[in-house]
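I have placed the structure first, in the form of structure tokens, so that the comments after it can refer back to it.
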Amino acid sequence: MRRLTLRGMLTCMVLAATPAFAQDITLTTNASGITIGGSQGAWSTGFGSVNGLGLGTPATGETILSGTGGKLYSSPYDIAITGSTGSIKAVVKAYVSTNFAHNAILQVYSCLASCGSAANHTAMSTNSGSPTNIVPSPGQHNSTVTARLAIFVSSQNGASAFTGADSATITLLVSDGNGPVVHTYTLTLNNPTTNVQTAVSLSVATAASGRTVSAGSDFGLSYGTVNGLGISPGVGLTATGVSGGQLYSTPYLLQPSFSSFSSTTGTLTGYVSTDFTHPSQLELRDSSNGSSYSAISKSSGSQTTFTSSAASASTVTRYLGLFVANTNGGGVFTGADSATVTYTLVVP
């Protein structure tokens, strides 16, 4: 008896369906931000002319924030997320793949929340292995997320100071949440190119125990009621008898600031650009110590030098004296009068 045995093999092949990573992003211009240009995945933007003091009117869409040692030029931009459904959300990270050539002066910053404060902006990573969160895990489904991009501009001066054009490139990494990177895109900061400029500022301020200095389009200081005998000087004034009359004096502050200059010091000068109508009875004088005074120059071509070593963000204390003559006679003047001192800060 022959037994026929049929042996067969049924092979079942189960093919695991590979998920389609459809998460994608598009960068677009926020209504309150700088323009995002370029093409899909190769976008461009820029901050244009900037300076370390944040002076001048910022370009449309930019907000200037005060940071430590410089200014942040910050702008919102929109990230439109598409193709993200179910439990898989889109995560976006970024790093500076091509840094500014002058990165001691310029740095790329990012902010996720409460971006009205410079303190909430952080320097964007320059390391592809540890990029900065833009849309952090657990990510977002289809939506438009507003992020914030900024550049920090240092206010430093000296040998490392820089003025001129520079640019940088940011690489954006789009992931499926906890999975791999599915898209790699770039945002180049060259449209317009960042252009670092020099900046100079000079303020006049009230000194402790001194007469109040008011700020406006120009600065103002009033001596109030004065006389040739020094009777009842106003608050913040000291009256001292001098040859021919009285000297009413007050300390005040000169506050120079400048950035991106090769020199770390500047020269502060001034002159009486509009004199008193009655110069024989009233004269403005200057002192560095509050005891030895000399008349302030009335010539723009030969100004009084207050200091030739003014550092940026420093405070220079000076004393402004008003001489009031004690003369009598037919030509004596009583009433209101005023004068103007024009100050100049020159940084080589």
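Structure summary
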quantity: Among (1) surrounded by fewer than 19 Cβ atoms within 10 Å (Cβ to Cβ); (2) in contact (Cβ under 8 Å) with a residue 24 or more places away in the chain; (3) within 16 Å of PHE323 (Cβ to Cβ); (4) of a type in the set (Gly, Ala, Ser) - the single one GLY224 does not satisfy; calculated: (2)
quantity: Of all residues in segment 47-60 being touching a Pro at 6+ places or on another chain (Cβ under 9 Å) and surrounded by fewer than 19 Cβ atoms within 10 Å (Cβ to Cβ), the one that is nearest to ALA313 (Cα to Cα); calculated: SER49
quantity: Every residue from segment 297-348 that is touching a residue at least 40 places away in the same chain (Cβ under 8 Å), under 30 Å from SER262 (Cβ atoms) and assigned to a loop (DSSP other than H, G, I, E, B); calculated: SER300, GLN303, SER312, ALA313, SER314, THR315, VAL347, PRO348
quantity: SER209 of a type in the set (S, T, N, Q), touching a residue at least 40 places away in the same chain (Cβ under 8 Å) and at positive phi; calculated: yes
quantity: Residue that is out of contact with any Ser or Thr (no Cβ under 7 Å at 6 or more places or on another chain), more than 22 Å from THR171 (Cβ to Cβ) and of a type in the set (Gly, Ala, Ser), where the choices are ALA101, ALA118, ALA123, ALA113; calculated: ALA113
quantity: Test: residue in segment 200-220 that is closer than 30 Å to LEU149 by Cβ and under 23 Å from the mean Cα position of the chain (by Cα); calculated: yes
quantity: Residues satisfying the stated conditions in segment 55-76, i.e. of a type in the set (S, T, N, Q) and in a loop (DSSP other than H, G, I, E, B); calculated: THR57, THR60, THR68
quantity: Subset of segment 124-155 [of a type outside the set (Val, Ile, Thr) and closer than 16 Å to THR194 by Cβ]; calculated: MET124, LEU149, ALA150, PHE152, SER154, SER155
quantity: Residue in segment 68-83 that is nearest to GLN156 (Cα to Cα), counting only those that are of a type in the set (S, T, N, Q) and either free of Cβ contacts under 8 Å to residues at least 60 places away in the same chain or surrounded by 23 or more Cβ atoms within 10 Å (Cβ to Cβ) (or both); calculated: THR68
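Computed from the coordinates by the stated procedures, all read-outs in this text should not be read as laboratory data. All values derive from a computational prediction rather than experimental measurement. Glycine also receives a Cβ, built like all others from the backbone with ideal geometry; neighbour counts cover every protein chain displayed.
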